[in-house]
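The values are calculated or read from the model by the stated rules, or taken from the named source; none is laboratory data. This is a predicted model, so every value here is computed, not measured. Cβ atoms come from the backbone with ideal geometry, glycine included; neighbour counts cover every protein chain shown. When the accessible area is computed, the model is the full protein with side chains, heavy atoms only, and any ligands, DNA or RNA have been set aside. Shrake-Rupley method; radii C 1.70, N 1.55, O 1.52, S 1.80 Å.
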Amino acid sequence: MVKAKLIELDKCTECRSCVTACQNQNKNEPNTDGKKADEIRKAYLECNGADELSHEDWTIISQKDPKDPTRYYKKQCMHCDDPQCVKNCPAHAITKYDNGAVVIDPEKCEGVKLCIEACPFDIPKFDEHKHTVVKCRLCFERITQNPALDPACVTACPSKAMKFGERDELVSYAKNKYKYIYGGGVGWNSSVVYASNVPIEEVGITRAQIHGIPELLRTITHPVGVVMLAGGAGLAALNAMKSRKEKVAKAESK
Ligand code: SF4
Ligand code: SF4
Ligand code: SF4
């Protein structure tokens with residue numbers, strides 16, 4: 001059964017309990033090695049109030065306009081049905097599961113970072129210390145244990161702004177209650193669904209940007225593919241994607 005996380009944006013109070021719960025669940029504490037007390041304190045504060053995803057922040061409250069309280073949303077991996085990250089991982093380190101979760105295996109990740117380039121939502125981040133790419137796992141271990149638990153962020157939300165369950169049911173519920181939906185088959189096929197009475201663009205959510213991933217990458221197989229990427233055709237393809245991404249970002253900022 002395909003599951004999903006529904007995020008009811010109108011109920012979110014920006015408290016960031018979900019952010020802290022995610023960090024605790026995934027033990028993403030800031031790296032304090034060799035840091036002084038005031039630096040550690042600053043790192044913790046930044047961690048909880050981060051405005052962009054990082055290897056320590058797998059979910060954030062993204063604010064389009066800090067002065068406008070209706071313009072923020074909880075950002076994390078969308079758990080796409082047809083994930084570009086999975087298609088473009090030459091090490092086959094990312095799996096799309098039947099329950100909807102898209103999960104990176106840190107043991108298999110070679111740090112090639114093609115998933116970072118390919119993701120249409122700019123989600124995966126590289127962890128320099130562990131030399132692996134990381135992102136939200138939809139709390140895979142929690143949702144598959146017996147008895148199953150909801151993802152940690154869902155459980156922690158004091159406003160009950162998130163629901164986890166059967167995708168079709170959640171999308172039907174959202175359609176009856178909200179004017180605007182993104183995800184779960186509406187605008188994008190995914191296991192994360194946003195619902196709001198404010199237009200999605202006004203909240204700040206950026207719709208998927210497909211980066212024109214070269215077919216060439218699909219032919220790359222591990223371990224030869226990793227070697228190919230170090231030079232020649234693979235690298236040219238990677239550069240082409242980067243250039244395309246920069247152009248899209250430039251056009252968006254105008
Ligand atoms: S949002 Fe990006 S990282 Fe997440 S499943 Fe989709 S392509 Fe992969
Ligand atoms: S589902 Fe789990 S890993 Fe993903 S944002 Fe929520 S707590 Fe973090
Ligand atoms: S815990 Fe709930 S209310 Fe608080 S920021 Fe996260 S989604 Fe919003």
Select from the stretch 133-158 the residues that are outside any helix (DSSP H, G or I), within 16 Å of ligand 1 (Cβ to nearest atom) and open to solvent by 30 Å² or more (accessible area, probe 1.4 Å) and list them in ascending order. Arg137
Do the conditions hold for Glu52, that is, is it assigned by TED's automatic domain parsing to the domain that holds Ala195, over 19 Å from Trp188 (Cβ atoms) and modelled with pLDDT of 85 or more? yes
Run Ile104 past the list (1) within 14 Å of ligand 1 (Cβ to nearest atom); (2) assigned by TED's automatic domain parsing to the domain that holds Cys18 and report the number of the one that doesn't hold. (2)
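Per-residue answers, yes or no, for (1) within 16 Å of ligand 3 (Cβ to nearest atom); (2) open to solvent by 10 Å² or more (accessible area, probe 1.4 Å); (3) in a loop (DSSP other than H, G, I, E, B):
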| residue | (1), (2), (3) |
| --- | --- |
| Tyr73 | yes, yes, no |
| Cys109 | no, yes, yes |
| Glu117 | no, yes, no |
| His129 | no, yes, yes |
Failed item in (1) farther than 17 Å from Gln76 by Cα; (2) open to solvent by 40 Å² or more (accessible area, probe 1.4 Å), with Trp188 passing the rest: (1)
Unmet requirement for Lys113, which otherwise passes all of (1) free of Cβ contacts under 8 Å to residues at least 40 places away in the same chain; (2) within 15 Å of ligand 2 (Cβ to nearest atom); (3) surrounded by fewer than 20 Cβ atoms within 10 Å (Cβ to Cβ): (2)
Subset of the stretch 160-176 (residues that are open to solvent by 40 Å² or more (accessible area, probe 1.4 Å) and within 15 Å of ligand 3 (Cβ to nearest atom)): Lys160, Lys163
Residue count, the stretch 55-67 (criterion: modelled with pLDDT of 75 or more and exposed (fewer than 14 other Cβ atoms within 10 Å of the Cβ)): 0
Are there strands (runs of 3 or more DSSP E) fully within the stretch 159-209 with at least 2 residues that are within 22 Å of Leu149 (Cβ to Cβ)? List them. 162-166, 192-196
